[in-house]
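Working notes, structure below.
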Amino acid sequence: MAVHGIRSIGVIGTPGCGKTTLCKTLGLPIISLKEYAESNGCLGEIESDGAAAIDIEKLSSLWRQPAELTLVDSHLAHHLPVDALIVLRCHPDELEDRLRDRGYPIEKIQANVEVEMLGGPWNDLIGDSRPIFEGSEGVQEWISNGCQSHSTPDSAIDWLSGP
């Protein structure tokens, strides 16, 4: 069942910021974009760092809205025609620790930490008109209220400005 016309919510953020953990706590159906890509023939070969390219254009053309409110878990979910977005952020020091614990190569850790420091996925959302929520605190209420508010990149966390 959709909530106020919302049937899909992309949960995005830098790898390691807590997307999957948040999705699991919300108690809604979850689509893993990687698994969805694989089942639709849109996942490339797995590279040496464990990542695999996703043909996001092809996947987007194959996208069908779910029948009930569903979360789409991936740092690329905003490239799909989902109805709303949740943007998760993570302090760069914490992100570095999480990625190191996952065994990421140092180059991949540094690249992801830099992306987070520079605004993460917000850079791709400039001008996006979908409802957007930043963070995890209060997200359940935001969803229950029909995803009404709209955050913007200029209201996003700025790690470079300091405390």
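The values are calculated or read from the model by the stated rules, or taken from the named source; none is laboratory data. This is a predicted model, so every value here is computed, not measured. Positions of Cβ are generated from backbone atoms using ideal geometry, with glycine treated the same way; all protein chains shown enter the neighbour counts. Only protein heavy atoms, including side chains, enter the accessible area calculation; ligands, DNA and RNA are left aside. Shrake-Rupley method; radii C 1.70, N 1.55, O 1.52, S 1.80 Å.
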What is the ratio of the Cα radius of gyration of the chain to 2.2 N^0.38 Å, where N is its residue count, to two decimals? 1.02
Which value, in debye to the nearest 20, describes the size of the charge dipole of the range 1-71 about its Cα centre when Lys and Arg Cβ atoms bear +1, Asp and Glu Cβ atoms bear -1, and nothing else is charged? 400
Within the chain, what whole-number % of the accessible surface is contributed by carbon and sulfur, with the 1.4 Å probe and all protein chains included in the calculation? 50
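Highest mean first, what order results for 85-95, 114-124, 137-147 on Cβ atoms within 10 Å? The partial results should precede the final answer.
Numbers: 85-95: 20.4, 114-124: 18.0, 137-147: 14.5.
Ranked by mean Cβ neighbours within 10 Å, highest first: 85-95, 114-124, 137-147.
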Phi to ³J(HN,Hα) by Karplus 6.51 cos²θ - 1.76 cosθ + 1.60 over the range 31-42, Hz, x for Gly, Pro: 10, 7, 4, 4, 5, 5, 5, 4, 5, 10, x, 10
Pairs of Cα atoms under 8 Å, at least six residues apart: use those to get the relative contact order of the chain, whole percent. 30
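To the nearest 20 debye, what is the magnitude of the charge dipole of the chain about its Cα centre, counting +1 on the Cβ of each Lys and Arg and -1 on the Cβ of each Asp and Glu?
Values: 12 positive and 25 negative charges, 108 e Å.
Computed about the Cα centre, the dipole is about 520 debye.
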Need the C-alpha centroid separation for the range 103-162 versus the range 35-100, integer Å. 14
Please give every one of the lysines within straight-line cross-link reach of K58, meaning a C-alpha to C-alpha distance under 18 Å, and leave out same-chain neighbours fewer than 8 residues apart. K34
Would you please classify the overall shape of the range 1-92 from the alpha carbon gyration tensor, given that a ≥ b ≥ c denote the square roots of the eigenvalues, rounded means a/c under 1.5, and beyond that prolate means a/b larger than b/c while oblate covers the rest? oblate
Amide H contacts under 5 Å for I30, placed H, 5+ residues apart: L71
DSSP-defined beta bridges in the chain - what % are antiparallel, rounded to 5: 20
Taking a ≥ b ≥ c as the square roots of the Cα gyration tensor eigenvalues, with a/c under 1.5 meaning rounded and otherwise prolate when a/b beats b/c, else oblate, which class fits the range 36-130? oblate
